[in-house]
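Engineer: Let me give you the structure first, and then I'll get to my questions.
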Amino acid sequence: MHNQDNWVGLKCVVMVVRVPHLWNQTTREVQFYLTSLNCDARNLGQMIRLHWGVENGLHWTLAYIRQVRSQNVDF
C-alpha cells in the first residue's frame, strides 16, 4: 500500500456492487469504503445501508424544497 503511514488504523476495505434497475435500464455501480471498524460483513452492511438511507432522505428533502420553491409557495 502506498504511504502506509497515512493508513494507520485501517482495518477493512469494503467493496459494494449495486445493480439498480430504473425503468428499462440496468446499471452497475461499484463503491468502496475504508474503515477502522472490524471486518464484520453483517455490521458493515447495516451501516452502509443506514448511510444510504440518510443520503436518500436528504436528496428527497432537497427535491421537495426545490419543487415547493419553484411553485412560489412559502413554508
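Engineer: Any chance you could count how many residues in the range 39-67 are small (Gly, Ala, Ser) and modelled with pLDDT of 85 or more? I'd like the intermediate steps shown before the answer.
Structural biologist: Initial filter on the range 39-67 (small (Gly, Ala, Ser)): 41, 45, 53, 57, 63.
Those left that are additionally modelled with pLDDT of 85 or more: 41, 45.
Residues meeting the conditions: 2.
Engineer: Quick one: what pairs do we get from the range 5-20, first residue more than 17 Å from GLY45 (Cβ to Cβ), second surrounded by 10 or more Cβ atoms within 10 Å (Cβ to Cβ) and among the hydroxyl-bearing types (Ser, Thr, Tyr), C-beta under 7 Å, 6+ apart or different chains?
Structural biologist: Between residues of the range 5-20 that are more than 17 Å from GLY45 (Cβ to Cβ) and residues that are surrounded by 10 or more Cβ atoms within 10 Å (Cβ to Cβ) and among the hydroxyl-bearing types (Ser, Thr, Tyr), the close pairs are GLY9/SER36; LEU10/SER36.
Engineer: Is at least one residue of the range 1-14 outside any loop (DSSP other than H, G, I, E, B), loosely packed, with under 10 Cβ neighbours inside 10 Å and at pLDDT 90 or above? If you could, list the steps in order and put the result at the bottom.
Structural biologist: First, pick out the residues of the range 1-14 that are outside any loop (DSSP other than H, G, I, E, B): 4-7, 12-14.
Filter again for loosely packed, with under 10 Cβ neighbours inside 10 Å, leaving 4-6.
Restricting the remaining residues to those that are at pLDDT 90 or above gives none.
No: zero hits.
Engineer: Still on this model: For the range 15-25, enumerate the residues that are exposed (fewer than 10 other Cβ atoms within 10 Å of the Cβ), assigned to a strand (DSSP E or B) and hydrophobic (A, V, I, L, M, F, W, C). Show your work before the answer.
Structural biologist: The initial filter retains those residues of the range 15-25 that are exposed (fewer than 10 other Cβ atoms within 10 Å of the Cβ), namely 15, 17, 19-25.
Going one step further and asking which of them are assigned to a strand (DSSP E or B), we end up with 15, 17, 21-22, 25.
Selection gives MET15, VAL17, LEU22.
The values are calculated or read from the model by the stated rules, or taken from the named source; none is laboratory data. Note that the coordinates shown come from a computational prediction; the quantities given were computed from them, not determined experimentally. Virtual Cβ from ideal backbone geometry, glycine too; neighbours counted across all protein chains shown.
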